[in-house]
Amino acid sequence: MTITVKFFASLREQIGQSEIEIDSAETVAQAWAKACNNAPLPSHILMAINQEYVDKNAAVKNGDEIAFFPPVTGG
Amino acid sequence: MSIEITSKEFNPWNSLQAYEKNLVALHGKSGAVATFVGTMRDYNDGDSVQAMFLEHYPGMTEKYLQKISDTALKRWDILDTFIIHRVGEILPGETIVLVAVWAGHRAPAFEACRFLIEELKFQAPFWKRETLSNDNGVRWVEKNTN
């Protein structure tokens, strides 16, 4: 089982990687913990599964693309 | 409906004119077009800004803009929507975003245009990193203003 975890913008710079693969996770919060060595999940961070916004308790399945990123600032 | 993410500088008025030319079906039907154009400033938060880099989430950004355009077309009595957004390196004075909405009448055109730019600014995955003038370094913009 492989789950891809992506990071963007300032979060990517803090973590030092744009993408990490993990072997399993039940929820988005668990995927964060696995990818980030159990660092606490910052409260303002946004998250997505397969490019759709979700919350940290959303269920993850094999092959999913999970993304974590800071508040957006486009426009 | 059209959505475009581009790393090239664009003139919003030329883009609008070119897009409208192809809207043959709307000729005689569209009575109002509301547009929003966002331009890069050379200052932010009290500091002088020399350049900006706009990052996005390829795939999710397009999907999100598609979703809000679909929502606008369902929620208001409008005829068409058009969004262009820059990514990559941007300089002061250059256009960051164009949102345009065509409708029979002005009220739905204005309302849908406002909806699209607000949803884009607060939800679409784009991030700005500023390069400050006078070698004052780079910083990520933490939140959008109104």
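Please treat every number below as a calculation from the coordinates, not as lab data. On a predicted model such as this, the values are computed, not experimentally measured, just so you know. Using ideal geometry, Cβ is built from the backbone for each residue, glycine included, and neighbour counts are taken over all protein chains shown.
Candidate cross-link partners of B:Lys21 among the lysines, defined by an alpha-carbon separation under 20 Å and a same-chain spacing of 8 or more, comprise B:Lys29. With helices as the sole contributors, chain B gives -10000 deg cm²/dmol at 222 nm; each DSSP H run of n ≥ 4 counts as -39500 (n - 2.57), and the sum is divided by every residue.
Spin-label model, A:Gln17 to A:Thr2: label points 7 Å out along the Cα-to-beta-carbon direction sit 1.3 nm apart.
Across the options B:Gly59, B:Ala112, B:Ile3, the greatest Cα extent toward the positive end of the charge dipole of the protein assembly as shown (unit charges at beta carbon of Lys, Arg, Asp, Glu) belongs to B:Ala112.
On average, how many beta carbons from a partner chain sit within 10 Å of the beta carbon of a residue in B:125-138? Spell out each step's value before the answer.
On the way: counts 11, 6, 11, 5, 4, 1, 0, 0, 0, 0, 0, 0, 0, 0.
That works out to 3 on average.
Under the shape rule built on the C-alpha gyration tensor, where the axes satisfy a ≥ b ≥ c, the protein assembly as shown is oblate, since a/c reaches at least 1.5 while a/b does not exceed b/c.
Report relative contact order for the range A:3-69 in percent, whole number only (criteria: Cα-Cα under 8 Å, sequence separation at least 6).
Values: 120 pairs, mean separation 28.5, N = 67.
RCO, the range A:3-69: 43 percent.
Work out the mean other chain Cβ neighbour count within 10 Å for the residues of A:52-59 and drop it here as an integer. Don't jump to the answer; show the numbers that get you there.
Working: counts 4, 4, 0, 0, 0, 0, 0, 0.
So the per-residue partner count for this stretch is 1.
The GluC sites (Glu not before Pro) found in the range B:77-146 that occupy coil by DSSP, while having at most 16 further C-beta atoms within 10 Å, are B:Glu94, B:Glu142.
How many partner chain Cβ atoms sit within 10 Å of a residue's Cβ in peptide A:3-10, on average, as a whole number? Numbers along the way, then the final one.
Numbers: counts 0, 0, 0, 2, 0, 7, 11, 7.
Partner Cβ neighbours, averaged per residue: 3.
Seen through its C-alpha gyration tensor, with square-root eigenvalues sorted a ≥ b ≥ c, the range A:3-69 comes out rounded because a/c lies under 1.5.
Cα centroid separation, the range B:74-133 to the range B:1-62: 6 Å. Put a plus charge on the Cβ of each Lys and Arg, a minus charge on the Cβ of each Asp and Glu, and nothing anywhere else: the dipole of the range B:52-119 about its Cα centre is then about 200 debye. Charge tally for B:Gly59 (other residues, Cβ to Cβ under 15 Å; Lys, Arg +1; Asp, Glu -1): -4. Checking every one of the trypsin sites (Lys or Arg not before Pro) in the range B:36-79 against DSSP loop status and a limit of 12 other Cβ atoms within 10 Å picks out B:Arg41.
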